[in-house]
Amino acid sequence: MGNTTQFVPGLEGVVAVETELSFLDTAQGEIVLKGYDLIELSKKKSYLDIVHLLLEGTLPNGAEKKALEETLKKNYRIPEAVLDILRLLPASTHPMDALRTGVSALSGYDENLQDRSRKANLNRAYHLLGNVPNIVANSYHLLNGEDPIEPRQDLPYSANFLYMITGKVPSKREERIFDRSLVLYSEHELPNSTFTARVIASTLSDLYGALTGAVASLKGHLHGGANEAVMEMLKEAGTVEKFEEMLYTKLKNKEKVMGFGHRVYMKKMDPRALMMKEALKELCEEKGDHSLLEMCEAGEKIMAQEKGLYPNLDYYAAPVYWMLGIPIPLYTPIFFSSRTVGLCAHVMEQHENNRLFRPRVQYKGPRGLHPQD
């Protein structure tokens, strides 16, 4: 019998994993997280609620949420030797590459690295959730010749993260909007980086290795790097008229416009983008400057009319992060930091019911060749 397996480029539409974590129900327009609608969660719950939901299986009560925050605060500080490694990186290093290095280096400080039990992985997940924001913020400061900013135990998780990035304590509004962005980025079924993490985990590699691979995957412009590209476009244009001209030129030249289209959301707007659009409106109102919102809305209209494409989360998250004072090179590292909880949950699920990923190929090369004597 010959090879009858079907070749599906990019595995589009192929179901590769059974999961109890999340599901993109495009028919209902719902992103399901452990039975809840992610958009509803983002309106009513915080990032720490999502952490507890994905790692422990339930939304926390008050005492559980307080205990979780205390656990994460104990893991805010990263080993000084990891900071020393980050100091040795060339100034030209992209923050995603610094993040990849930092996450990988953490594995050396895990004395029980070979333990794949749920309890051990859960402890690692909390360790990573505490450490990754520190690595994201302070690798950037070190790469730019600045001193690292110490985490503050008196600030809530999201406020501390934003503080370590900007050096100033955020307002309650800024903290709330930033926290909501973390919720929206927290988990999204099986994108490339999550699949990468599960493929690595299926070999029974450790959590740090799986997340190191996920960082490498997320760096690409077709995945996480889109939010940086969106903000660079908006900055370069500067006005609605120039942004419209830029988009028409890109479309004429058949260039990809970042921030639009999604493999799953083909014919409608990413519901997470709607939430960040509302956040952008709120920030624009507060600052009395609607230019970024007007540019984004103009671009949204052009892409819908000309290409039938709609914004994904990156399109509106980018200007929100800009207005929060976050440097553009940190947009994708923040995406990863948000997604750390989802990645950890997927790796744990993979380890608990594992099957090694080993797909086949459709061979298109020659046959029957023989070497000369």
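Points worth noting:
- Pairs where the first residue, in the stretch 13-36, is closer than 17 Å to ARG272 by Cα and the second is open to solvent by 80 Å² or more (accessible area, probe 1.4 Å) and not in a loop (DSSP other than H, G, I, E, B), C-beta under 7 Å, 6+ apart: VAL32/PHE23
- Flag if ILE78 is among the β-branched types (Val, Ile, Thr), outside any helix (DSSP H, G or I), buried (at least 17 other Cβ atoms within 10 Å of the Cβ) and modelled with pLDDT of 95 or more: yes
- Set ALA91, ALA98: member being under 21 Å from the mean Cα position of the chain (by Cα), of a type in the set (A, V, I, L, M) and within 17 Å of ASN138 (Cβ to Cβ): ALA98
- Scanning the stretch 81-115 for residues that are of a type outside the set (A, V, I, L, M), farther than 16 Å from VAL215 by Cα and open to solvent by 60 Å² or more (accessible area, probe 1.4 Å) turns up ASP84, ARG87, PRO90, SER92, GLY108, TYR109, GLU111, ASN112, GLN114, ASP115.
- Long-range neighbours under 9 Å by Cβ, at least six apart or interchain, first residue closer than 15 Å to MET96 by Cβ within the stretch 126-153, second among the aromatic types (Phe, Trp, Tyr): VAL132/PHE336; PRO133/TYR76; PRO133/TYR157; PRO133/PHE161; VAL136/PHE161; VAL136/PHE336; ALA137/PHE161; ALA137/TYR163
- Among the candidates THR93, THR58, residue that is in a loop (DSSP other than H, G, I, E, B) and either in contact with a Gly (Cβ under 8 Å, 6 or more places away or on another chain) or over 24 Å from SER42 (Cβ atoms) (or both): THR93
- Residue list for the stretch 178-222, filter: assigned to a helix (DSSP H, G or I), among the basic types (Lys, Arg) and open to solvent by 30 Å² or more (accessible area, probe 1.4 Å): ARG180
- Condition met for LYS65 (modelled with pLDDT of 95 or more, surrounded by fewer than 16 Cβ atoms within 10 Å (Cβ to Cβ), under 26 Å from MET275 (Cβ atoms) and not acidic (Asp, Glu)): no
- Residue check, GLU175 farther than 30 Å from LEU11 by Cα and either open to solvent by 10 Å² or more (accessible area, probe 1.4 Å) or not in a helix (DSSP H, G or I) (or both): yes
- Test result for GLY259, at pLDDT below 95, more than 21 Å from VAL32 (Cβ to Cβ) and under 16 Å from the mean Cα position of the chain (by Cα): yes
- When GLU232 is tested against (1) open to solvent by less than 20 Å² (accessible area, probe 1.4 Å); (2) under 25 Å from GLU300 (Cα atoms), only condition (1) is not met.
The values are calculated or read from the model by the stated rules, or taken from the named source; none is laboratory data. Owing to the predicted nature of the structure, the values given are computational and were not obtained by experimental measurement. Neighbour counts run over all protein chains shown; Cβ positions are idealised from the backbone, glycine included. Ligands, DNA and RNA are stripped out before the accessible areas are found, and what is left, the full protein with its side chains, is counted by its heavy atoms. Shrake-Rupley method; radii C 1.70, N 1.55, O 1.52, S 1.80 Å.
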